[in-house]
Amino acid sequence: MIKTQVMPTKMEQLLGSAKNKILPKQGDLVEGNVIFVGRNEILIDIDEIMTGLIRGHEAYDESGEYNNLKVGDHVTATVLDIENERGILELSIKQAGHKKAWDNLEKMQADSKVVSVNVLEANKGGLVVKLDQVFGFLPVSQLSPKNYPRVVGGNKNKILEKLKSLVGEKLDVIIIDINDEEGTLIVSERAVEKDQRKQALNNYKKGDIIEGKVTGVVDFGAFIEFDHGLEGLIHISELGWQRIDNPREVVKEGDKIKVQIIEVSDSKVSLSLKRLTKDPWEDIKDKYKIGDKVKAKVIKFNEFGVFVEIMPMIQGLARVRGGTSFKDPGDSDNKVEIGKEYNFTITNFEPLDHKLGLELND
């Protein structure tokens, strides 16, 4: 019987002359030097005993370390095949770079490292950003107070318009969520400023008077920026001693105003505009009593009655005697008109709680 001789593969021949070398396996990382850079392939010399081939998009480096490779450069690559159709290692910088890039991102997250990202595009949910060669997302909710898009009525198109103004900018962020398998990277600009805000706010306390700029006016109040990026809120109830239905009647975006700090809690600052002036109810606590007849001007209709003003910033809710309600402002049968004065009787007076109830006289 004639025995068939099995010829060794090129790889086995190469390794036969290097008995101390370990044959790499699929998925292993190998290192070598670039010996050729072509239009669509790169050749790598590994330990002077074997050659590796990197083709097409497998040369893309997500970590950014191996962009623009040239002969002589040292690289690390992942083994895709221990022997391809040309008898050499098939390698990928892309896979090795991906692992290196995401390992680096995980370390950044663990260290809470502040990094800079480029804003590439905007959508209604937030910003698409790029960190090194990895794409990520910065949700609207994670923007800093400075960049948060405050829009009257929450108009989504106007919010998107404001977000688009950030495209092309560089923002400092912290990685708050990462998942290599799903390819998700979530970053936060707000988290960066949170620690900075806490430190800066140590310089302030309740009762301090500060000067700031109105950066946004919403239905529930106004946002004030002070001390180079710190921000606080004036709730609508703290804009004035009188009843206020629309904060925009008191302040507007861009106004520079003085306010008082009334609370600092967990990097949140509550402010007051009205407390910089004397409480007008203090001056009338001994002036009026239940049963007094007063003249008052109708300022607003309400489902429970009308709001009237008996003197500047002193307002109360008035009802029709007998419990019947006022009609709509435009009703011709209405008993009162906005802007006109009528005679009322005080039915409830609690100056400490700023409560005043009245009844329209016949």
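Quick note: the coordinates plus some simple rules give every number you see, no bench work behind them. Keep in mind that what you see is a predicted model, and the values were worked out from it rather than measured. Cβ coordinates were reconstructed from backbone atoms using ideal geometry, including for glycine residues, and neighbour counts include every protein chain displayed.
Just tell me the longest site-free run in the chain, where the sites are chymotrypsin sites (Phe, Trp or Tyr not before Pro) in a DSSP loop having at most 13 other beta-carbon atoms within 10 Å. Looking at the chain, 1-219 is the longest stretch - no exposed chymotrypsin sites (Phe, Trp or Tyr not before Pro) with at most 13 other Cβ atoms within 10 Å. From the square roots a ≥ b ≥ c of the eigenvalues of the alpha-carbon gyration tensor of region 21-99, which class results: rounded (a/c under 1.5), prolate (a/b over b/c), or oblate? It comes out rounded by the Cα gyration axes. Loop-only check: which trypsin sites (Lys or Arg not before Pro) in region 37-109 are DSSP coil with at most 10 other Cβ within 10 angstrom? Those satisfying the criteria are Arg39, Lys70, Arg86. Secondary-structure-derived ellipticity at 222 nm for the chain, considering helices only, amounts to -4000 deg cm²/dmol, per-run term -39500 (n - 2.57) for DSSP H runs with n ≥ 4. Three principal axis extents of the chain based on alpha-carbon atoms, in descending order, are 129, 47, 35 Å.
Here the Karplus relation 6.51 cos²θ - 1.76 cosθ + 1.60, evaluated at θ = phi - 60°, turns the backbone of region 225-239 into coupling constants of 9, 8, 6, 6, x, 6, 9, x, 10, 9, 5, 3, 6, 9, 7 Hz, with x for every Gly and Pro.
Between Gln196 and His235, residue separation times 0.36 nm minus the direct Cα-Cα distance comes to 11.7 nm. Sparsely packed loop sites in region 49-95 (the GluC sites (Glu not before Pro) outside DSSP H, G, I, E and B with at most 13 other Cβ atoms within 10 Å) comprise Glu85. As a quick test, which of the pairs Lys194/Lys258; Lys164/Lys252; Lys205/Lys285; Lys146/Lys268; Lys25/Lys99 have an alpha carbon distance above 19 angstrom in this structure? Cα-Cα > 19 Å for Lys194/Lys258; Lys164/Lys252; Lys205/Lys285; rest within. The GluC sites (Glu not before Pro) found in region 257-321 that occupy coil by DSSP, while having at most 13 further C-beta atoms within 10 Å, are Glu303.
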